[in-house]
Amino acid sequence: MTSSEFIPFCLPDITDVEIKEVVDTLESGWLAKGPKTIEFEKKFAEYVGAKYAVAMNSCTAALHIALIAADIGPGDEVITTSMTFAASVNTILHVGATPVFVDIDPETGLIDVNKIEEKITEKTKAIVPVHYAGQACDLDKIYELANKYNLFISEDAAHAIYTEYKGKRIGYQPQGTVSYSFYATKNLATGEGGMLVTDNKEIADRARVLITHGMSKNAWNRYGKGGSWMYDIEEPGYKYNMFDIQAALGLSQLERLEEMQNKREDLVELYIKGLSGIKGIEIQKVNDYTTKNAWHLFIVRVTDSFPLNRDELIEYLTKNNIGTSVHFIPVHMMSAYENYRNHNDLANTEQWFTEILSLPLYSTLSLGDVEKVTKVIKEASKGVKINEKSFSDSTPRKTF
Ligand SMILES: Cc1ncc(COP(=O)(O)O)c(C=O)c1O
């Protein structure tokens, strides 16, 4: 079976609400960081339950600034997962510190909190837990280690706007920092964009200065009413600030977040119903303490008992006009990180990678689209032909 209608892996959800807010900004005469960015920061902090929010041009910027503001640098080690996007690790390297990878739980794909302590040395200064795919890491255990060993925690919540850990939103009273992404594919999208939240005033103040070249506080308003031309550079900083057109999108998407998440939940329910019981397809397990899952990604594992391996199933879905992706290629497997590899300790991560497949999931996807995806996977489970080649149980599985 092939169908001509392409189902993309991801699409943003932009309505008249976003368009009106952006047009308002364009007509306001204030395009750079200004009142909309300040309002977005305020509403976002309220939404997640943190004291301070600092809007930036990406989550990468927020992760970088978090480590600088916590004075992490050369000689320090930072513990994280390899089952993440490069940004979580690049930013550790950008401050001159060394990333140390901890293996994942083989059923959820999240950092295995029980394996963190054995990696802590006297050089360890921070942990970057990643709330992968929209599930929460076990924060109680992570903060317990942070208190025991005096470590800084920079949560990577790129996937976790809306996620709740034991009934509290990720970002609620963080002891360290939490960084979110508003990249085009994210649950709340501003094209590019990010937010750092914290309850620590010192970190928030320093972050605000660092993201606008290190300019003294409120220098962004030097061209506004009551602004002053005079500013100082307190330390050489970065150009990482959000600007008002992004914030206009952020404000309207935040307003619509609940509605968009409800749609995601309906789609996920249908995926689970359609895929449960297909031999060899395992849906990513949700841990018990994720009381609300943002479902940024819908990940399945294509295991040995499925007639096609993961790559072959991708090929078959592509042939049927279904876009898919893989989250993630383990960071430690890529060329730039060969000095930080510890294969022996990362067996679950490497195994997970060979099996995972992210299926289309976004609020503008229809229930009919999900039905089509599950139908094609069911069909593949019975043995199918790709490029005149027949895949069956006897097909040798590719290994990484
Ligand atoms: C887990 C994770 N962390 C960080 C980032 C970086 O986000 P941004 O593109 O906003 O810098 C991403 C982006 O996809 C991500 O998936």
How many residues are of a type in the set (A, V, I, L, M, F, W, C) and within 16 Å of the ligand (Cβ to nearest atom) if we restrict to the range 303-332? 4
If you take the residues in the range 56-89 that are open to solvent by 10 Å² or more (accessible area, probe 1.4 Å) and within 21 Å of TRP352 (Cβ to Cβ), which one is farthest from the ligand (Cβ to nearest atom)? ALA86
Going by the structure shown, is GLU18 more than 16 Å from the ligand (Cβ to nearest atom), buried (at least 16 other Cβ atoms within 10 Å of the Cβ), under 30 Å from LYS372 (Cβ atoms) and modelled with pLDDT of 95 or more? yes
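ALA136: within 10 Å of the ligand (Cβ to nearest atom), open to solvent by less than 20 Å² (accessible area, probe 1.4 Å), assigned to a loop (DSSP other than H, G, I, E, B) and among the small types (Gly, Ala, Ser), yes or no?
Spelling it out, it is not the case that ALA136 is within 10 Å of the ligand (Cβ to nearest atom), open to solvent by less than 20 Å² (accessible area, probe 1.4 Å), assigned to a loop (DSSP other than H, G, I, E, B) and among the small types (Gly, Ala, Ser).
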Can you tell me which condition GLN173 does not meet? The list is (1) under 15 Å from GLY49 (Cβ atoms); (2) in a loop (DSSP other than H, G, I, E, B); (3) within 16 Å of the ligand (Cβ to nearest atom), and all the others hold. (3)
Residues satisfying the stated conditions in the range 143-161, i.e. more than 15 Å from the ligand (Cβ to nearest atom) and either aromatic (Phe, Trp, Tyr) or within 12 Å of the chain's Cα centre (by Cα) (or both): TYR143, TYR149, PHE152
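Would it be correct to say that PHE9 is in contact with a strand residue (DSSP E or B) (Cβ under 8 Å, 6 or more places away or on another chain), within 16 Å of the ligand (Cβ to nearest atom) and outside the structural domain of GLU202 (by TED's automatic domain parsing)? So that I can check it myself, show each step before the final result.
Values: in contact with a strand residue (DSSP E or B) (Cβ under 8 Å, 6 or more places away or on another chain): yes; within 16 Å of the ligand (Cβ to nearest atom): yes; outside the structural domain of GLU202 (by TED's automatic domain parsing): yes.
Yes: the conditions hold for PHE9.
Tell me the residue from VAL331, VAL384 that is surrounded by 18 or more Cβ atoms within 10 Å (Cβ to Cβ), at pLDDT below 95, farther than 21 Å from LEU267 by Cα and not assigned by TED's automatic domain parsing to the domain that holds ALA87, please. Outline the logic, then answer.
Values: VAL331 fails: at pLDDT below 95.
Matching residue, one of VAL331, VAL384: VAL384.
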Can you tell me which residues in the range 177-202 are crowded, with 23+ Cβ neighbours inside 10 Å and away from the ligand (no atom under 15 Å from the Cβ)? THR198
Just a yes or no: is a residue in the range 267-280 in a strand (DSSP E or B) and hydrophobic (A, V, I, L, M, F, W, C)? no
Just to verify a result, which residue in the range 43-55, among those that are among the hydrophobic types (A, V, I, L, M, F, W, C) and part of a helix (DSSP H, G or I), is farthest from the ligand (Cβ to nearest atom)? ALA45
If I go through the range 191-247 residue by residue, how many of them are acidic (Asp, Glu), free of Cβ contacts under 8 Å to residues at least 40 places away in the same chain and not in a helix (DSSP H, G or I)? 3
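Could you check how many residues of the range 236-257 are open to solvent by less than 10 Å² (accessible area, probe 1.4 Å) and more than 14 Å from GLY34 (Cα to Cα)?
To start, the set of residues in the range 236-257 that are open to solvent by less than 10 Å² (accessible area, probe 1.4 Å) comprises 242, 244, 247-248, 250, 252-253, 257.
Those still in the list that are more than 14 Å from GLY34 (Cα to Cα) too: 252-253, 257.
Within the range 236-257, residues that are open to solvent by less than 10 Å² (accessible area, probe 1.4 Å) and more than 14 Å from GLY34 (Cα to Cα) number 3.
Just checking, how many residues over the range 90-111 are surrounded by fewer than 18 Cβ atoms within 10 Å (Cβ to Cβ) and more than 16 Å from the ligand (Cβ to nearest atom)? Step through it out loud before you land on a result.
First, the residues of the range 90-111 that are surrounded by fewer than 18 Cβ atoms within 10 Å (Cβ to Cβ): 90, 93-94, 96, 98, 106-107.
Then keep just the ones that are more than 16 Å from the ligand (Cβ to nearest atom); that gives 96, 98, 106-107.
Counting residues in the range 90-111 that are surrounded by fewer than 18 Cβ atoms within 10 Å (Cβ to Cβ) and more than 16 Å from the ligand (Cβ to nearest atom) gives 4.
The values are calculated or read from the model by the stated rules, or taken from the named source; none is laboratory data. All values derive from a computational prediction rather than experimental measurement. Virtual Cβ from ideal backbone geometry, glycine too; neighbours counted across all protein chains shown. For accessibility, only protein heavy atoms count, side chains too; no ligands or nucleic acids. Shrake-Rupley method; radii C 1.70, N 1.55, O 1.52, S 1.80 Å.
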